1. Report the residue count in region 126-182 for those that are closer than 20 Å to Gln219 by Cα and modelled with pLDDT under 90.
2. Restricted to region 213-246, and to residues that are surrounded by 14 or more Cβ atoms within 10 Å (Cβ to Cβ) and among the charged types (D, E, K, R), which residue is modelled with the highest pLDDT?
3. Considering only residues of region 52-74 that are free of Cβ contacts under 8 Å to residues at least 60 places away in the same chain and not acidic (Asp, Glu), which is most open to solvent (accessible area, probe 1.4 Å)?
4. Assess whether Ser77 counts as being open to solvent by 50 Å² or more (accessible area, probe 1.4 Å) and of a type in the set (Gly, Ala, Ser).
5. For the condition open to solvent by 20 Å² or more (accessible area, probe 1.4 Å) and in contact with a strand residue (DSSP E or B) (Cβ under 9 Å, 6 or more places away or on another chain), what is the one hit in Thr49, Thr90?
6. Report yes if Thr106 is modelled with pLDDT of 95 or more and not charged (D, E, K, R), otherwise no.
7. Can you tell me which residue among Arg247, Arg157 is under 19 Å from Lys66 (Cα atoms) and out of contact with any helix residue (DSSP H, G or I) (no Cβ under 9 Å at 6 or more places or on another chain)?
8. Can you name every residue in region 110-151 that is part of a helix (DSSP H, G or I), over 16 Å from Ala190 (Cα atoms), touching an Asp or Glu at 6+ places or on another chain (Cβ under 9 Å) and open to solvent by less than 70 Å² (accessible area, probe 1.4 Å)?
Amino acid sequence: MEDNMISSTAQATENNENRQAQASETNISQQALPSFGGAGGGILIRNITKSFGSLQVLKGIDLEIKKGEIVSIVGPSGAGKTTLLQIIGTLDRPDTGSVCVDGIDTTTLSQKQLSDFRNQHIGFVFQFHQLLPEFTAIENVMIPAFIAGKSHSEAKRHAEELLAFMNLSDRATHKPAELSGGEKQRVAVARALMNNPAVILADEPSGSLDSQHKQELHQLFFDLRDKFGQTFIIVTHDEGLAAITDRTIHLRDGQIVAPSPATAAPEEVAQQSEETAAQPEETAPQSEE
């Protein structure tokens, strides 16, 4: 019997040590990890490169996005927009460089830590809503909270608040098949906001919507920024959306480039004109007589 007690005690001690090790691994507090010291919700990217085989998709990206900014990323197909968004969102790792999101250097995190970080700090909105068809609107919104270990009552209360903000309270118990395209996308946005993330990443969020629902969704992003203070990064081909964001990042061939006059926003063109006007004119040398 004494041997059994010793064995049980040893097993309990081992289990406790394992739990402590797991807790330590999932601790992604800012005190324990490198940070760039900025305000929560800020993003700092330094010298990001990414290749797939022999194809280099990103070629030394440097970018800083402030807390509360709404930034669009535009460029031709194959420019690296979605790859950059996935690296910012920790869905992929860069080959070189660093990515600090909400004060945490994500390139230093383990896979388990990255999973926890995404759930707590980042919300995703995709072109197609990606709602689970067997669940109602409110159940879809609650899913990130359950992954984070929150109680059913807490998750339901917050989901109801978000759906009310989206003017979808009367659609909470409807399944995706019973919702319009615009309603589905608003439910997807509510789901992205469920855990109060610092950053929202959107990949062609209005690409599948008609003109009216596009305008409603675009305005919603600004309303959410004003109410909740999140940082938005939006990959888009929609010129109307890019024109109203705080700043537009132009990507071409895996690099950030200056916009051409044909694609630049009016304020960007004006700034370029001012810089050109400020430069001293060169005069041709006079010929000697």
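The values are calculated or read from the model by the stated rules, or taken from the named source; none is laboratory data. Keep in mind that this is a model prediction, so the values were computed, not measured. All Cβ positions, even for glycine, are placed from backbone atoms using ideal geometry, and neighbour counts span all protein chains on display. Surface accessibility is based on the protein's heavy atoms, side chains included, excluding ligands, DNA and RNA. Shrake-Rupley method; radii C 1.70, N 1.55, O 1.52, S 1.80 Å.
1. 10
2. Asp246
3. That would be Ser54.
4. Answer is yes for this residue.
5. Unique residue meeting the criteria: Thr49.
6. no
7. Arg247
8. Scanning region 110-151 gives Gln113, Phe117.
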